[in-house]
Amino acid sequence: MSRDSLKSHDKFIEKYNIPFVLLSDEKEEVCNLYGVLKEKNIYGKKTIGIERSTFIIDENGIIEKIYRKVKVAGHVENVQCFLGL
């Protein structure tokens, strides 16, 4: 999920042939609920951005695991390990 528009997501899905839906949160409602909007310092300029995070949510809607400040390298493997895959 990101704050990008659905149109932007559609272009991304088409470009990379992604076989699933990407969610859009342009109004930042979900971002605020999950507390992922953080102040960032980009090239000396402070801005509000999304802290890359992963939430593992079970079939009952219960958050089982939260990964904050996610780095791409090794993240998939960590999630798969948690899920027992």
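Observations on the structure shown:
- Scanning segment 1-45 for residues that are more than 21 Å from residue 68 (Cα to Cα) and touching a Phe, Trp or Tyr at 6+ places or on another chain (Cβ under 9 Å) yields 13, 18.
- Consider segment 19-59 and keep the residues that are farther than 24 Å from residue 83 by Cβ and of a type in the set (Gly, Ala, Ser). The one that is farthest from the chain's Cα centre (by Cα) is 44.
Every read-out reported here was derived from the displayed coordinates using simple, explicitly stated rules and does not represent laboratory data. Computed from a predicted model, the values in this text were never measured in an experiment. Counting neighbours? That spans all protein chains shown, and the Cβs are built from the backbone with ideal geometry, glycine included.
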